[in-house]
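The values are calculated or read from the model by the stated rules, or taken from the named source; none is laboratory data. Computed from a predicted structure; not experimentally measured. Because the Cβ atoms are built from the backbone with ideal geometry, glycine has one as well, and the counts that use them run over all protein chains shown.
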Amino acid sequence: MDLDTLRFLAAPFAASIILTGIHAYLGVHVVERGVIFVDLSLAQIAALGAAVAMLLPFTDGDPHGPWVYWISLLFTFIGAAVFSTIRSKRARIPQEAIIGISYAVASAAAILAMSKATSESEHLKDMLVGNILAVSWPEVLKTAALYIAVGLFHFVFRRQFLAISMAAHGHNGTAAGTVPGLNVKLWDFLFYASFGFVVTSSVSIAGVLLVFCYLIVPSVAAMLFADRIGSRLAIGWTMGAIVSALGIYLSVTLDLPTGATMVCTFGLVLIVMATAKRLFWREPIAASFDRPPA
């Protein structure tokens, strides 16, 4: 690659590193809670909010306008409120079922909304796989500031969030889904609401599918080799950074859509890591929060 190409790719790569940082951490919680598709569902709800916003006369149909962002965030908060209230150890309907239904309905509703907008096929494509190559440095810096704020929020209240994630399957020594002394529904809402801030910004940059990969794939890959939180984060962050660089490079070199190329690269690297673990990693390691945080 020549110097001009590297300069052009600097902002997209920086954005991918920022996405890796926050999503790999949130993915640890999501995988442990067993709500694997919550990111995909919230991302699609955010996309639905953006699609609805573009139909409103005061937004001028600008997908990157401030009104589109805030309406999309509002839809995400509604989704966060729903997901935090349906979590119960006595619930007859699994939380994951509601999350899956929300994704399907939001996807269909977004298609209906976009059918009434101009250039609907291009908007739908951007919502699904994004266009990370088009990200600008101001957008990168704004996103970084938001994610740092969310990261600090989670760091300050890490004990509460970890306790609830550990309790999802009874890893804290109590009945599954219970945390003595904590209002689980309140902290669940705060978790999903902060999640919503991240997802709303991420979808506008990378699209629904790539955001889902950033959340789940590094965490799943890390679970193959580690059970401690610190080790999982180190593996997830390393994998996300390497795969991001590789996906962007392959996209530019082979002249392929960037978002779809990165999603496929995540999948292929995960397969390679799982194969290597089976062939060369003989010691079984339980993926749980049973040990104290690193």
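Points worth noting:
- Only one of 265, 258 that is modelled with pLDDT under 90, closer than 29 Å to residue 13 by Cβ and under 24 Å from the mean Cα position of the chain (by Cα): 258
- Qualifying residue in the stretch 184-198 (condition: in a helix (DSSP H, G or I), in contact with a Ser or Thr (Cβ under 9 Å, 6 or more places away or on another chain), touching a residue at least 40 places away in the same chain (Cβ under 8 Å) and among the acidic types (Asp, Glu)): yes
The rows are residues; the columns are (1) over 29 Å from residue 68 (Cα atoms); (2) of a type in the set (A, V, I, L, M).
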| site | (1), (2) |
| --- | --- |
| 225 | yes, no |
| 229 | yes, yes |
| 236 | yes, no |
| 244 | no, no |
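- Criterion: under 30 Å from residue 78 (Cβ atoms), at pLDDT 85 or above and not aromatic (Phe, Trp, Tyr) - qualifying residue of 272, 217, 243: 217
- Selected residue (criterion: modelled with the lowest pLDDT) from residues of the stretch 180-214 that are surrounded by fewer than 24 Cβ atoms within 10 Å (Cβ to Cβ) and of a type in the set (S, T, N, Q): 183
- In the stretch 224-233 there is at least one residue matching the filter, namely being closer than 16 Å to residue 27 by Cβ, at pLDDT below 95 and basic (Lys, Arg).
- Of residues in the stretch 25-57 being charged (D, E, K, R) and closer than 14 Å to residue 99 by Cα, the one nearest to the chain's Cα centre (by Cα): 39
- Pick from the stretch 13-22, criterion small (Gly, Ala, Ser) and surrounded by fewer than 23 Cβ atoms within 10 Å (Cβ to Cβ), ranking: farthest from residue 149 (Cα to Cα): 14
- Members of the stretch 183-219 found to be of a type in the set (A, V, I, L, M) and touching a Lys or Arg at 6+ places or on another chain (Cβ under 9 Å), listed by number: 184
- The number of residues in the stretch 251-263 being surrounded by fewer than 16 Cβ atoms within 10 Å (Cβ to Cβ) and assigned to a helix (DSSP H, G or I) comes to 2.
- Across the stretch 23-59, the number of residues qualifying as β-branched (Val, Ile, Thr) and either at pLDDT 85 or above or crowded, with 24+ Cβ neighbours inside 10 Å (or both) comes to 6.
Results for (1) of a type in the set (Val, Ile, Thr); (2) in a helix (DSSP H, G or I); (3) over 19 Å from residue 75 (Cα atoms), shown as yes or no for each residue.
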| position | (1), (2), (3) |
| --- | --- |
| 4 | no, yes, yes |
| 12 | no, yes, yes |
| 23 | no, yes, yes |
| 28 | yes, yes, yes |
| 36 | yes, no, yes |
| 40 | no, yes, no |
| 44 | no, yes, no |
| 48 | no, yes, no |
| 54 | no, yes, no |
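- Flag if residue 203 is part of a helix (DSSP H, G or I) and in contact with a Leu (Cβ under 6 Å, 6 or more places away or on another chain): no
- Criterion applied to 80, 47, 43, 24 was being in contact with a Leu (Cβ under 9 Å, 6 or more places away or on another chain) and farther than 24 Å from residue 261 by Cβ, and the one residue passing it is 80.
- Test: residue in the stretch 225-232 that is touching a Gly at 6+ places or on another chain (Cβ under 9 Å), surrounded by fewer than 18 Cβ atoms within 10 Å (Cβ to Cβ) and either among the hydrophobic types (A, V, I, L, M, F, W, C) or within 26 Å of residue 107 (Cβ to Cβ) (or both): no
- Output for the stretch 186-242, where each listed residue is closer than 26 Å to residue 81 by Cβ and among the hydroxyl-bearing types (Ser, Thr, Tyr): 192, 194, 200, 201, 202, 204, 214, 219
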